[in-house]
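Participant: A single structure is presented below for examination.
What follows draws every value from the coordinates through simple rules; no lab data is involved. Owing to the predicted nature of the structure, the values given are computational and were not obtained by experimental measurement. Cβ sites come from the backbone with ideal geometry, for glycine too, and all protein chains shown count toward neighbours.
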Amino acid sequence: MARGVKIPSCKKDTLNEKIVSYSKPKKIYIPLICQNDTNITVLVKNGDYVHKGDVIARRKGALKIPIHASVSGTVKAIEEKPYLNGQNVKCVVIENDFKEKRANVVKVKRHINNYSKEEFINKIRDAGIVGLGGAGFPTFAKYDTDAKINTLIVNAVECEPYLTADYKLIQEKCEEILEAIDAVLEINGIHEAIIAINRNDTKTKEIINTFIGTYLKIKMVEVPEVYPMGWERTLIKQIKGVTYKKLPSEKGIIVNNVSTIYAIYEALKYDKPLIERVITFTGEKLNKPQNVLVKIGTPIKEVINSLGGYKEGEDICLVAGGPMMGCAVESDELVASPTLNGVLVLEKNENEKATECLRCSKCVEVCPVKLAPVLIKDSLKDPDNLKYLKPERCIECGLCSYICPAKIKLRDYVIIAKRKV
């Protein structure tokens, strides 16, 4: 039996709607952050004209990757805007000229299997592709390894209750995604690819089966609808029956989610950097829930207005990401970033207040990495005991908060503990 918890699905509002595009932001605000690292070198200044796809900043260090302009226009300022973790980060502000100018003519590559491994790694690194499932780890680093990789797992599970961005992407771009998977296998000498889907996702299953026949090295595997099945370790254990210490490559495995694979496709086919992504906008206080293709740096309030705005009433709670792993944000000044996969517009619940811990141990029972969340909370002022409890292993899945009958926000406390150690 897969380790996890059955959580009610809230996907129906966006499952049957096609992806739409919001492409006309007046200004974009490109966040100067990568995988929570704000040690970024800015390469532009006020008054500079930039083309769509130009490199405007670059992360420092061993995993340095570029950050690109998602529109053409003029650099106006460096301003702080809310980021998906609830904190403000510096952003490069570009006034959109709506001309979509690129510095170079795009040459479509007919056969994307013809890259060498070195060319492939350079291409996805220079495109600034990171894991779009939420972690934001630079994708090129997974393939830039001497380890022998035998299996590519494509994560199409999307176990967060509200989110459907990956579902809709694989349904609408299945042929392109399969082409990209096939290219990744051939270029990197990988023996097989496994597309993991939720066993109740019948529509995606039907669409994949329509196109997968000619790809003999790609197969589809159905996994149980439990949370957090989309977590890399849980998925690998479920599909391959193995565990690892630090990285899946120890067992000859790489995991990419669907959105990341599609970004790889666009980089290989059209030399397109990571300048946009599909985001699920949903929730009971939003007039028209929808999956939207959004340029990186777009203020989410503009997208929400394009979807008919908020429903009547002032008691609104905005969540960046899903309800389990996301973060409540105070303002719709939040801007789109590569790892923002959802925006929830929910009704604020002022009555749900925490009470004393019941010592029921449910948070321990459901934790996928076998931590003791409530003990971590109680040890925040005890550094030695905190180290012993290993909060750094937390994957921030939110199950401890979800299951707690006392409504204690245990995930928040554990995140604080992670930072302390």
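Participant: Could you tell me which of the pairs Lys117/Lys173; Lys11/Lys90; Lys26/Lys90; Lys6/Lys237 are separated by over 26 angstrom between their Cα atoms in the structure shown?
Facilitator: Pairs exceeding 26 Å: Lys11/Lys90.
Participant: Could I have the simple spin-label model distance between Ala406 and Val108, label points 7 Å from Cα toward Cβ, reported in nm to one decimal?
Facilitator: 6.0 nm
Participant: Where does the chain land on the Kirkwood hydrodynamic radius, alpha-carbon pairs, in angstrom?
Facilitator: 22.3 Å
Participant: Farthest toward the dipole's positive end in region 112-270, which of Ile129, Thr243, Asn188, given Cβ charges of +1 (Lys, Arg) and -1 (Asp, Glu) about the Cα centre?
Facilitator: Thr243
Participant: Here's another thing I want to ask about it. Less than 12 Å Cβ to Cβ from Arg199, Lys/Arg counted +1 and Asp/Glu -1: what total charge do the surrounding residues give?
Facilitator: Computed value for this residue: -2.
Participant: Further question on the same structure: Looking at the square roots a ≥ b ≥ c of the eigenvalues of the Cα gyration tensor of region 248-389, which shape do they give, rounded for a/c under 1.5, prolate if a/b is larger than b/c, or oblate?
Facilitator: oblate
Participant: Per the Debye formula with a single identical scatterer at each Cα and no solvent contribution, what log10 I(q)/I(0) holds for region 112-270 at q = 0.10 Å⁻¹?
Facilitator: Those come out to -0.31, one per q.
Participant: Next up: Measuring from a point 7 Å past the Cα of Phe137 along Cα-to-C-beta, which residues in region 63-99 have an amide N at less than 14 Å?
Facilitator: Only 63 pass the distance filter.
Participant: Suppose R0 equals 22 Å. What FRET efficiency, 1/(1 + (r/R0)^6) with r the Cβ-Cβ distance, do Thr243 and Glu392 give to the nearest 0.05?
Facilitator: Efficiency at R0 = 22 Å is approximately 0.75.
Participant: While we're looking at this one, here's another question. Run the dipole for region 112-270 about the Cα centre, Lys and Arg Cβ at +1, Asp and Glu Cβ at -1, nothing else charged, and hand back the magnitude in debye, nearest 20.
Facilitator: The calculation lands at about 520 debye.
Participant: Select from region 211-281 those chymotrypsin sites (Phe, Trp or Tyr not before Pro) which occupy a DSSP coil region and have at most 16 other Cβ atoms within 10 Å, ordered by residue number.
Facilitator: Counting only loop positions with at most 16 other Cβ atoms within 10 Å, the chymotrypsin sites (Phe, Trp or Tyr not before Pro) in region 211-281 are Tyr215, Tyr244.
Participant: Another one. What do you get when you divide the Cα radius of gyration of region 362-420 by 2.2 N^0.38 Å, with N the number of residues?
Facilitator: 0.97
Participant: Sticking with this structure for a sec: Out of residues 5 or more away from Gly230 or on other chains, whose amide H comes under 5 Å of its own, with H placed 1.01 Å from N in the peptide plane?
Facilitator: Cys159
Participant: Follow-up. Which shape class applies to region 9-75: rounded if a/c is under 1.5, otherwise prolate when a/b exceeds b/c and oblate if not, where a ≥ b ≥ c are the square roots of the Cα gyration tensor eigenvalues?
Facilitator: It is oblate, given that a/c is not under 1.5 and a/b is not larger than b/c.
Participant: Would you please give the residues with an amide H less than 5 Å from that of Met220, counting only those at least 5 places away or on a separate chain, with H modeled from the backbone geometry?
Facilitator: Residues meeting the criterion, in which the H sits 1.01 Å from N, are Ile195.
Participant: While we're looking at this one, here's another question. Explain nothing, just the number: dipole magnitude of the chain about its Cα centre with +1 on each Lys and Arg Cβ and -1 on each Asp and Glu Cβ, in debye rounded to the nearest 20.
Facilitator: 820 debye
Participant: Please list, ordered by chain and number, the residues whose modelled amide H lies under 5 Å from the amide H of Ala336; skip anything fewer than 5 residues away on the same chain.
Facilitator: Those qualifying (amide H under 5 Å, at least 5 residues apart or on another chain) are Gly297, Thr298, Ile300.
Participant: Just how far, in whole angstrom, is region 1-49 from region 329-346 if you go by their alpha carbon centroids?
Facilitator: Cα centres, region 329-346 to region 1-49: 7 Å.
Participant: May I ask for the net charge around Glu118, where only other residues with Cβ less than 14 Å from the Cβ of Glu118 are counted and Lys, Arg are +1 while Asp, Glu are -1?
Facilitator: After counting each charged neighbour, the total is -1.
Participant: Quick one: which of 406-418, 13-25 comes out on top by average Cβ neighbours within 10 Å, and what's the full order, highest first?
Facilitator: Ranking, from highest mean packing down: 406-418, 13-25.
Participant: Next up: Relative contact order, percent, of the chain when contacts are C-alpha pairs under 8 Å separated by at least 6 residues?
Facilitator: About 18 percent, as a whole number.
Participant: May I pose another question? If we count every other residue with Cβ under 11 angstrom of Ile28's Cβ, Lys/Arg +1 and Asp/Glu -1, where does the sum land?
Facilitator: The answer is +4.
Participant: Post the alpha-carbon centroid distance, region 209-231 to region 103-126, in whole angstrom.
Facilitator: A separation of 26 Å, based on Cα centres.
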